[in-house]
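The values are calculated or read from the model by the stated rules, or taken from the named source; none is laboratory data. Computed from a predicted structure; not experimentally measured. Glycine gets a Cβ as well: all are built from the backbone with ideal geometry, and neighbour counts include every protein chain shown. Heavy atoms of the whole protein, side chains included, go into the accessibility calculation; ligands, DNA and RNA do not. Shrake-Rupley method; radii C 1.70, N 1.55, O 1.52, S 1.80 Å.
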Amino acid sequence: MQISFLIRIDKKKQTRWKRAQCFVGSVMDQGHTIRQFFFEAQGVTSAIAKESMPRWIELSSASGAPLVLCSQAVEKYRIAVPDLFVVGGLGTLVEASVLADRTISFV
């Protein structure tokens, strides 16, 4: 099964984004394919936080799925986009959701 992930968890909600990362790891261990990680709203803050970013990069590398930061959130939070991340609009999320079997959201 091909899965896209939508992550909207604030970096301050450490327990939540750690659970999301564990869930993604479990999904991959079960043989599912990851289509995309899309970080929206406050999720962009957890994507690039020094505590969580290495694991997101590891999951992306292992799955081959891109790490996409919502363009509107990047502008709102004035984020410098780190290497290995790309900026995309909601069209990127919609396309990945249409092409995937499932889209799972973490808020």
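Kindly check whether there is at least one residue in the range 53-67 that is open to solvent by less than 10 Å² (accessible area, probe 1.4 Å), free of Cβ contacts under 8 Å to residues at least 60 places away in the same chain, under 16 Å from Ser105 (Cα atoms) and not small (Gly, Ala, Ser).
There is at least one residue in the range 53-67 that is open to solvent by less than 10 Å² (accessible area, probe 1.4 Å), free of Cβ contacts under 8 Å to residues at least 60 places away in the same chain, under 16 Å from Ser105 (Cα atoms) and not small (Gly, Ala, Ser).
Would you say Asp10 is of a type in the set (D, E, K, R) and either open to solvent by less than 50 Å² (accessible area, probe 1.4 Å) or under 16 Å from Tyr77 (Cα atoms) (or both)?
Spelling it out, Asp10 is indeed of a type in the set (D, E, K, R) and either open to solvent by less than 50 Å² (accessible area, probe 1.4 Å) or under 16 Å from Tyr77 (Cα atoms) (or both).
Of the conditions (1) open to solvent by 70 Å² or more (accessible area, probe 1.4 Å); (2) out of contact with any strand residue (DSSP E or B) (no Cβ under 9 Å at 6 or more places or on another chain); (3) in a helix (DSSP H, G or I), Asp83 clears all except one; give me its number.
It is condition (3) that Asp83 fails.
Among the residues of the range 68-80 satisfying the criterion of being buried (at least 20 other Cβ atoms within 10 Å of the Cβ) and not β-branched (Val, Ile, Thr), which is farthest from Arg19 (Cα to Cα)?
Only one residue tops the list, namely Cys70.
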